[in-house]
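Have a look at the structure below before the remarks.
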């Protein structure tokens with residue numbers, strides 16, 4: 001004879017218990033669930049009656065878990081976390097007209113934003129949502145569909161495709177290029193530093209470039225920026241000369257707002273990657289964005305033509321991932 005499965009208590013009572021066990025406070029749990037403390041206390045009391053023994057010890061100004069409560073709390077927390085993940089995954093699957101993308105602030109401002117009109121025109125039915133951050137977002141917890149990441153990887157447990165490699169070279173406003181026709185002339189230039197790529201190994205900074213170019217200059221002086229797009233904007237305004245990243249500066253170079261007058265560039269093994277969860281490419285909007293960004297990335301190849309790209313010696317730095 002098949003044994004009947006044990007009947008579980010109401011989900012609302014379990015949810016009240018999980019919140020109270022996490023906070024060890026009925027008042028804070030009630031505030032989180034947007035119910036009154038009396039209503040939360042009633043739900044927990046009904047759960048204790050269902051179980052047949054208390055889950056909390058009620059103290060003067062606090063509560064603590066009983067042995068039964070300590071046994072139930074981890075499973076309740078894991079269960080609601082798994083339920084939340086499953087619900088978000090189902091919602092993403094049902095959102096056929098929305099696409100959530102995360103990328104670094106500089107990549108979003110300098111690369112994505114100037115090109116997105118073309119994608120939007122081709123796919124007017126897709127609602128685009130962006131999270132511009134250097135923080136590595138979690139696909140499940142943060143409810144994102146696609147990430148554009150810059151660094152070395154690996155992107156374990158995810159689908160990842162390289163978009164383009166990165167290299168850097170001095171960039172400046174056209175007026176400054178007349179003042180600094182040769183690398184040696186940079187001895188008097190104001191240097192602009194993009195500290196967002198300080199993690200790269202081999203380094204792609206001013207000291208490394210001056211060493212590769214055979215120029216005697218202290219490359220650590222100048223103005224420092226934590227965001228790459230801010231450094232590029234300062235160079236475009238004529239503030240100084242930036243060690244600029246090709247990918248982020250491509251539109252400004254093509255439009256003549258910036259120039260890169262020297263042939264020498266420094267390459268890095270870091271790259272930009274299209275990243276999503278396994279199976280996400282089955283969704284039409286994810287596949288459409290992936291195909292579009294791969295096609296757009298292929299257009300950057302000719303900007304390296306005629307350049308001499310070198311790598312500085314690796315220094316064994318700790319490699320950190322970044323949003324780009």
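The values are calculated or read from the model by the stated rules, or taken from the named source; none is laboratory data. Note that the structure is predicted; figures quoted are calculated from it, not measured. Heads up, the Cβs are rebuilt from the backbone with ideal geometry, glycines too, and the neighbour counts pull from every protein chain shown.
Brief remarks on what is shown
- Contact map, the range 184-204: first residue surrounded by fewer than 16 Cβ atoms within 10 Å (Cβ to Cβ), second residue in a helix (DSSP H, G or I), Cβ cut-off under 8 Å, separation 6 or more or different chains; pairs are 185/179.
- All of 148, 136 fail the test of being part of a loop (DSSP other than H, G, I, E, B) and modelled with pLDDT of 85 or more, apart from 136.
- So residue 77, is it outside any strand (DSSP E or B), over 24 Å from the mean Cα position of the chain (by Cα) and modelled with pLDDT under 90: yes
To keep it simple, each residue is scored yes or no on (1) modelled with pLDDT under 90; (2) out of contact with any helix residue (DSSP H, G or I) (no Cβ under 9 Å at 6 or more places or on another chain).
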position	(1), (2)
286	no, no
302	yes, yes
305	yes, yes
313	yes, no
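- Any hit, the range 209-227, residues being crowded, with 17+ Cβ neighbours inside 10 Å, under 30 Å from residue 287 (Cβ atoms) and either in contact with a strand residue (DSSP E or B) (Cβ under 6 Å, 6 or more places away or on another chain) or assigned by TED's automatic domain parsing to the domain that holds residue 261 (or both): no
- Exactly one residue among 129, 141 is in contact with a strand residue (DSSP E or B) (Cβ under 6 Å, 6 or more places away or on another chain) and not in a helix (DSSP H, G or I), and that residue is 129.
- Here residue 235 meets the list (1) surrounded by 17 or more Cβ atoms within 10 Å (Cβ to Cβ); (2) out of contact with any helix residue (DSSP H, G or I) (no Cβ under 6 Å at 6 or more places or on another chain); (3) farther than 22 Å from residue 207 by Cβ almost entirely, failing just condition (3).
- Note on the range 54-65: among residues that are under 16 Å from residue 14 (Cβ atoms) and either assigned to a loop (DSSP other than H, G, I, E, B) or outside the structural domain of residue 23 (by TED's automatic domain parsing) (or both), the one that is farthest from the chain's Cα centre (by Cα) is 54.
- So residue 232, is it in contact with a strand residue (DSSP E or B) (Cβ under 8 Å, 6 or more places away or on another chain), touching a residue at least 60 places away in the same chain (Cβ under 8 Å) and under 26 Å from residue 104 (Cβ atoms): yes
- Strands (runs of 3 or more DSSP E) within the range 159-233 that include 3 or more residues at pLDDT below 90: 159-171
- Set 109, 39, 31: member being in a helix (DSSP H, G or I), surrounded by 15 or more Cβ atoms within 10 Å (Cβ to Cβ), in contact with a helix residue (DSSP H, G or I) (Cβ under 8 Å, 6 or more places away or on another chain) and at pLDDT 90 or above: 109
- Looking only at the range 302-311, and only at residues there that are in contact (Cβ under 8 Å) with a residue 40 or more places away in the chain and part of a helix (DSSP H, G or I), the one that is surrounded by the most Cβ atoms within 10 Å (Cβ to Cβ): 303
- Taken together, the residues in the range 246-289 that are in contact with a strand residue (DSSP E or B) (Cβ under 9 Å, 6 or more places away or on another chain) and assigned to a loop (DSSP other than H, G, I, E, B) amount to 9.
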